[in-house]
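The values are calculated or read from the model by the stated rules, or taken from the named source; none is laboratory data. The structure presented is a predicted model; accordingly, all values stated were derived computationally and were not measured. Backbone-built Cβ (ideal geometry, glycine too); neighbour counts: all protein chains shown.
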Amino acid sequence: MRCSGGIRTIIRFAERGALLGVIGAGTCGGPSSGSPPPPPPPSSDTIPLRTLAAARGLRIGCAVDRGFRYGGSDGATFRAKLVREFSMLTPENDMKHARIHPARDTYRFEPADSLVALAEANGMQVRGHTLVWHRQLAGWLTSGTWTPDTARALLHDHIASVVGHYRGRLAAWDVVNEALAGDGSPRPGFWYDHIGRDYVELAFRWAHQADPNVALFYNDYDIEGINGKSDSAYALIQRLLARGVPIHGIGLQAHVRLGGVPTTLRANIARFAQLGLEVHITELDVRMPLPPTAAQLQTQADDYRDVLGACLSSAPACDALVMWGFSDRESWIPGTFPGWGAALIFDAAYRPKLAFLALYDLLK
Ligand code: G3I
């Protein structure tokens, strides 16, 4: 009974001859349902998601961190899957302040460079993430004592150096990440505390100076639906645009709980698009209590489909959908929400889940 939705989807899919037999263990019944059937054949008979997405004018991507650096055949499998299915890549951590700027006069670009090189070698675009955030700041910065003028100089140096390093090579930068608190007020944090609210505007202006051709985004969570916080983001961006600040896009992170896609997502994307902005879904995942049941996996597929559908409904303004990883083997969710996981579109053995099929189905 619990498997009925999933089976319906599989049959619908198989009837069109597109993907027979690629749904494997874990999509119906989950890990607790006895010994799983043998792994399904590889999905080489499917059309890559990125090919389908391109035909709709959409980039489809994922965040990448530790899987990229697995050794041997493990790493080869990860990377092969990554470049086959996706046309966009976001470094999950390697461009963050603490990683890329470990000492005041030291930048460490190599890890992020290797991701950018992989992307370029495989015709993938890169979203830079992120220049200005209240988290993952280097200790030398947060433990120092700085005047407002020095803090501004440090921010300028960081942005000029990092954006300058990748000048001409990235499609987008998350310039400012999560600058709003839950009530829509400016979130306290290192840059706000030292510079004041001007830091947002300065960051966009300095990023634009360092690379005039890259699209500059404001990125945040809990702004996917129409609510108080997204109203504040909207007002912030309107204010910046009115002041001539070079801001080109809004990133809706979309870390969603199972069944939690806001019903106003479409309308929200549409209103940001009407501001003349590019809209990216930047960090999509749909977490569920573990172990997954067949019904949960079907609900998750519906959630993924709804997010993609909302984005497509605002095409061409909504032109990128990026997930926060692609396999349940590499995801931030279990570490942050104990007992929760299975949030992505491939399972931990890199087999496509119903969520993958939902995206495939809608793009086809
Ligand atoms: O790489 C080190 C490793 O060497 C060390 O042994 C280990 C010990 O804790 O830490 C490892 O670094 C961790 C890193 O993830 C890689 O796994 C950091 O501690 C940990 O803080 C970091 O978490 C990241 C988190 O941002 C930090 O705030 C997650 O991977 C990353 O998915 C998450 O991403 C954020 C987006 O940037 C912004 N939106 C929300 C999203 C989820 O929190």
Where residues in segment 82-93 are in contact (Cβ under 8 Å) with a residue 60 or more places away in the chain and in a strand (DSSP E or B), which of them is farthest from the chain's Cα centre (by Cα)?
Met88
Exactly one of these conditions fails for Thr263: (1) closer than 24 Å to Ala160 by Cα; (2) of a type in the set (Ser, Thr, Tyr); (3) surrounded by fewer than 20 Cβ atoms within 10 Å (Cβ to Cβ). Give me its number.
(1)
Residue by residue through segment 350-364, note down the ones that are touching a helix residue (DSSP H, G or I) at 6+ places or on another chain (Cβ under 7 Å) and either aromatic (Phe, Trp, Tyr) or not in a helix (DSSP H, G or I) (or both).
Tyr350, Lys353, Tyr360, Lys364
Within segment 176-205, take every residue that is of a type in the set (Lys, Arg) and within 24 Å of the chain's Cα centre (by Cα) and give me the one that is nearest to Gly225 (Cα to Cα).
Arg187
Where residues in segment 201-225 are within 13 Å of the ligand (Cβ to nearest atom) and outside any loop (DSSP other than H, G, I, E, B), which of them is surrounded by the fewest Cβ atoms within 10 Å (Cβ to Cβ)?
Asp220
Can you find a residue that is without any contact (Cβ under 8 Å) to a residue 40 or more places away in the chain and not β-branched (Val, Ile, Thr) anywhere in segment 158-180?
no
Go through segment 81-98 and report how many residues are among the hydroxyl-bearing types (Ser, Thr, Tyr) and either within 9 Å of the ligand (Cβ to nearest atom) or under 30 Å from His156 (Cα atoms) (or both).
1
Regarding segment 94-105, can at least one residue be identified that is outside any loop (DSSP other than H, G, I, E, B) and either within 30 Å of Gly57 (Cβ to Cβ) or among the basic types (Lys, Arg) (or both)?
yes
Which listed residue is out of contact with any Phe, Trp or Tyr (no Cβ under 6 Å at 6 or more places or on another chain) and in contact (Cβ under 8 Å) with a residue 60 or more places away in the chain, from Ala273, Ala254, Ala315:
Ala315
Among residues belonging to segment 99-135 that are over 27 Å from Asp319 (Cβ atoms) and within 16 Å of the ligand (Cβ to nearest atom), point out the one that is surrounded by the most Cβ atoms within 10 Å (Cβ to Cβ).
His101
Within segment 166-185, residues being out of contact with any Phe, Trp or Tyr (no Cβ under 6 Å at 6 or more places or on another chain) and closer than 16 Å to Trp206 by Cβ number 5
Taking the options Val286, Val256, name whichever one is over 30 Å from Arg239 (Cβ atoms), buried (at least 21 other Cβ atoms within 10 Å of the Cβ) and in contact with a Lys or Arg (Cβ under 9 Å, 6 or more places away or on another chain).
Val286
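So that you can scan it fast, the table gives a plain yes or no per residue for (1) hydroxyl-bearing (Ser, Thr, Tyr); (2) modelled with pLDDT under 95; (3) buried (at least 21 other Cβ atoms within 10 Å of the Cβ); (4) not in a strand (DSSP E or B):
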residue	(1), (2), (3), (4)
Tyr304	yes, no, yes, yes
Pro316	no, no, no, yes
Leu321	no, no, yes, no
Arg329	no, no, no, yes
Leu344	no, no, yes, yes
Ala348	no, no, no, yes
Within segment 295-338, of all residues that are hydroxyl-bearing (Ser, Thr, Tyr) and within 16 Å of the ligand (Cβ to nearest atom), the one nearest to the chain's Cα centre (by Cα) is Ser331
I'm checking my understanding of the structure. Among residues of segment 61-80 that are within 14 Å of the ligand (Cβ to nearest atom) and either farther than 23 Å from His280 by Cβ or of a type in the set (Lys, Arg) (or both), which one is surrounded by the most Cβ atoms within 10 Å (Cβ to Cβ)?
Tyr70
